[in-house]
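Reviewing the structure listed below.
The values are calculated or read from the model by the stated rules, or taken from the named source; none is laboratory data. Keep in mind the model is a prediction, meaning the values are calculated, not measured. Cβ atoms come from the backbone with ideal geometry, glycine included; neighbour counts cover every protein chain shown. The protein model used for the area step is the full one, side chains on, heavy atoms only, and it has no ligands, DNA or RNA in it. Shrake-Rupley method; radii C 1.70, N 1.55, O 1.52, S 1.80 Å.
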Amino acid sequence: MTSRREPRLADAAEIAAEQGLTPARISGLYTERAENAAGVPFPEVAGMRGRARLWDHAKVTEWFAHRTPARLREHTPPSRDPQDLLNAAEASRFLGYKNPNQVTTFVRDHPGYFPAPDVVEELGTAENPYRRQQWRVQTLLDWMATRPGRGKHAGAKRTAPALPDVPVDGDPDELLGATQAAALLKFKSVNSFSSSLSQGNLPLLETPDALTENGGRRRWTRRRILEQAAQRTK
């Protein structure tokens, strides 16, 4: 008799990292689930880790795959000159996000999902340099019109965000995230990678090599990802 595989559980931080949201938003989707009971409510909690809620990763991934269009697609941006330049916080507000760091999160944690900045300024001093990234209003409007995501938008053709180019001959011990792992494993999107992982199809990656200090996001070595890639091609 074959034993039933236990579902992989994920907390709000891990789910948020995969879906381009914040942990607070994931918790909100759960606490507000009664309000969308007429449709498909957010999955019930499947366990606890201390005081942190845990969900069945596969069920949550499936819920997002059939999610109704997000508030962003219902947001009407304010009228601006298409050539105006907005920094990351201004761009977040222009796009309708409550979190002013949302664009920064997209750029940092989800390569290829958000458009590259139109202008990058190297500022600060030699001892304390920093970069200011800015996007033209037209760039943001174009992204909104064809934004990768779930659900349909009138007149827009939906395509998955392009995955980054990740070299196979890099440092074998370098820790890589889900987006980079998806690219090395030849998935079409990070969501398809996450879904396959939650279904137990990537056994070598079920246990991550490390978790980031901020948010507990999973990381794997390039060596182990490539070992899993070799198994997939057999």
Task: Descending principal axes extents, region 76-127, alpha-carbon based, whole Å - done: 41, 25, 19
Task: Accessible-area value, TRP220, 1.4 Å probe, nucleic acids and ligands omitted, Å² - done: 0 Å²
Open item on the list: Could you give the length gained by full extension between ASN201 and VAL40, i.e. 0.36 nm per residue of separation minus their alpha carbon distance, to one decimal place?
Closed with: 55.4 nm
- [ ] Report ASP209's accessible area, 1.4 Å probe, all protein chains in place, as a number in Å² to the nearest 10.
- [x] 70 Å²
- [ ] Please give the FRET efficiency for MET48 paired with GLU174, using the beta carbon to beta carbon distance and R0 = 45 Å, rounded to the nearest 0.05.
- [x] 0.85
Open item on the list: As a test of the definition: which semi-axes, in Å, follow for region 163-234 when you take the square root of five times each eigenvalue of its alpha carbon gyration tensor? Largest first, please.
Closed with: 16, 15, 12
